[in-house]
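The values are calculated or read from the model by the stated rules, or taken from the named source; none is laboratory data. Not measured: the values here are computed from a predicted model. Note: ideal-geometry Cβ built from the backbone for every residue, glycine included; neighbour counts use all protein chains shown. Heads up: the accessible areas ignore ligands, DNA and RNA and are worked out on the full protein's heavy atoms, side chains in. Shrake-Rupley method; radii C 1.70, N 1.55, O 1.52, S 1.80 Å.
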Amino acid sequence: QVQLVESGGGLVQAGGSLRLSCAGSGAIFSNYYMGWYRQAPGKQREMVAVITYGGSTNYVDSVKGRFTISRDNAKNTVYLQMNSLKPEDTAVYYCNAKGVISRVDYWGQGTLVTVSS
């Protein structure tokens, strides 16, 4: 069973930085796309960034140039480096693993990021 454990959320002032980590276990992670999603209060969950096993990435427009997703395949870990944070980045951030073939989604428990103005 795939398990994803996030860490690194917290409170930061606007313009600051945070780094989220997601450690995975229970699967061969070369078979999975990895990503970060977020859900702000009263809003739907949205994709923030995704990365393939080979390192190809995709970002939502609102974070391009500020956030960087990366993965350490040897450690089954995916990271999200968030710079120049804005209050509108405030949300619960979820780690996601999506099977390349199965398309099954697995989710972490979420980590809260709060950006104060």
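Of everything in the stretch 1-36 that is assigned to a strand (DSSP E or B) and within 15 Å of Thr114 (Cα to Cα), the residue that is least open to solvent (accessible area, probe 1.4 Å) is Leu20. Could you tell me which of the residues Asn58, Asn96, Asn76 is under 14 Å from Val5 (Cβ atoms) and without any contact (Cβ under 8 Å) to a residue 60 or more places away in the chain? It is Asn76. Does Asn96 satisfy the criteria of being open to solvent by 70 Å² or more (accessible area, probe 1.4 Å) and either assigned to a strand (DSSP E or B) or in contact with a helix residue (DSSP H, G or I) (Cβ under 7 Å, 6 or more places away or on another chain) (or both)? Against the criterion (open to solvent by 70 Å² or more (accessible area, probe 1.4 Å) and either assigned to a strand (DSSP E or B) or in contact with a helix residue (DSSP H, G or I) (Cβ under 7 Å, 6 or more places away or on another chain) (or both)), Asn96 does not qualify. Taking the residues in the stretch 39-53 that are open to solvent by 20 Å² or more (accessible area, probe 1.4 Å) and assigned to a strand (DSSP E or B) as candidates, determine which candidate is farthest from Tyr93 (Cα to Cα). Filtering first and then ranking leaves Val50. Tell me, which residue of the stretch 54-93 that is open to solvent by less than 60 Å² (accessible area, probe 1.4 Å) and charged (D, E, K, R) is nearest to Val115 (Cα to Cα)? Per the criteria, the residue is Asp89. The lone criterion from (1) hydroxyl-bearing (Ser, Thr, Tyr); (2) at pLDDT below 95; (3) under 11 Å from Tyr79 (Cβ atoms) left unmet by Ser25 is number (3).
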